[in-house]
1. Non-local amide H neighbours of E56 (under 5 Å, H modeled in plane, Pro and chain starts lacking H): which ones?
2. Heavy atoms only, probe 1.4 angstrom, no DNA, RNA or ligands counted: give me R185, R44 ranked by accessible area, highest first.
3. With no solvent and one point on each alpha carbon, what is the Debye value of log10 I(q)/I(0) for the stretch 185-309 at q = 0.18 Å⁻¹?
4. What number comes out for the charge environment of T218, summing +1 per Lys or Arg and -1 per Asp or Glu over other residues with Cβ under 14 Å away?
5. Using the Cβ atoms and a cut-off under 13 Å, what net charge is assigned to the surroundings of E24, where Lys and Arg are +1 and Asp and Glu are -1?
6. Any lysines with Cα under 24 Å of the K279 Cα? List them, leaving off those in the same chain fewer than 8 positions away.
7. Give me the distance in nm between label points sitting 7 Å out from Cα along the Cα-to-Cβ direction at A74 and V17, one decimal.
8. So which lysines can K97 reach, going by Cα to Cα under 28 Å and dropping same-chain residues fewer than 8 places off?
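The values are calculated or read from the model by the stated rules, or taken from the named source; none is laboratory data. In this text the structure is predicted, and so the values were computed from the model without any measurement. Note: ideal-geometry Cβ built from the backbone for every residue, glycine included; neighbour counts use all protein chains shown. Calculation scope for accessible area: heavy atoms of the full protein, side chains included, ligands and nucleic acids excluded. Shrake-Rupley method; radii C 1.70, N 1.55, O 1.52, S 1.80 Å.
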Amino acid sequence: MPASYAYLGPEGTFTEVALRTLPETATRELIPYVSVQSALDAVRAGEAEAAFVPIENSVEGGITTTLDELVAGAPLMIYREVLLSITFALLVRPGTKLSDIKTVSAHPAAQPQVRNWLKKNLPDAHWESAASNADAARLVQEGQYDAAFAGEFAAARYGLEALETGIHDAENAQTRFVLVGRPARPAAPTGADKTSVVLWQRDDHPGGLRDLLGEFATRGINLMLLQSRPTGAGIGNYCFCIDAEGHISDRRVAEALMGLKRICLEVRFLGSYPRADMKPGDVQPPRLGTSDEAFVSASDWVARCQDGRF
């Protein structure tokens, strides 16, 4: 496997900035790809050791392109996550004034984060989506669009200038990025972990989602992301992407996954990995029976009953 990381390019994306916060990138070749799909496919094809892609932002939630790529195709696994605070700059060719801007471009995930600013300052500008914010900057450089929403750091890379900076509709907006590789043994638990799965129901019935969520709730496991995605099998057919607190080696998490495996048509394990904020999971008090010790004790009791030692 080559010692390289693929990432959503081109150079100058927020993805690249977030990726370079990982210490191991000092010993990896970082290769930009034109899309999330092509970066993940590079891992599946053995062309890269891992791919680094955006998966969620604090304004719009899950980034559907990434979620859909993890749901479909050959299985991949999340190994790390990074949180990056996001503010945008309006990048233009030198000499461009705000009144000159008729077209703007950025990644689709950027639009909800600058919508109000755009409405107030450029109400008549036409929005065009790009493969990434840095790609939008490149297209402005080439003259295809008048302005791009991207990181201020991308201006020098593409010969542009920042006409406006610090653009964001929501204070403290963040984007979450993940390092994705081929399936292998998860890293050891840290005590501040997250487990990601995709669930498919066996059939559509009243209370079906409640049944899935109940496997977590009865074991005191807090959910951090719940997003439905269409399966492509017709209107009303969805799978569910879930992030839960805890590690698969935690007894409560393992038992929840076993319960889901029994009742679901399919369960895709996307990994257990350290939380970027390193906050310990919100385990309910032991009196509620949701600690690992409670699960071990209950399992031992059943074993003793089976042996006639109760």
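1. I63, R176
2. On the way: R185 205, R44 50 Å².
Ranked from most to least accessible, the order is R185, R44.
3. Each listed q corresponds, in turn, to -0.98.
4. Numbers: positive: R210, R219, R251, R252, R262; negative: D211, E215, E255.
Charge balance in the 14 Å sphere: +2.
5. On the way: positive: R20, R28, R80; negative: E29, E49.
Once all neighbours under 13 Å are counted, the net charge is +1.
6. K194
7. Rounded to a tenth, the inter-label distance reads 3.4 nm.
8. The qualifying lysines are K119, K120.
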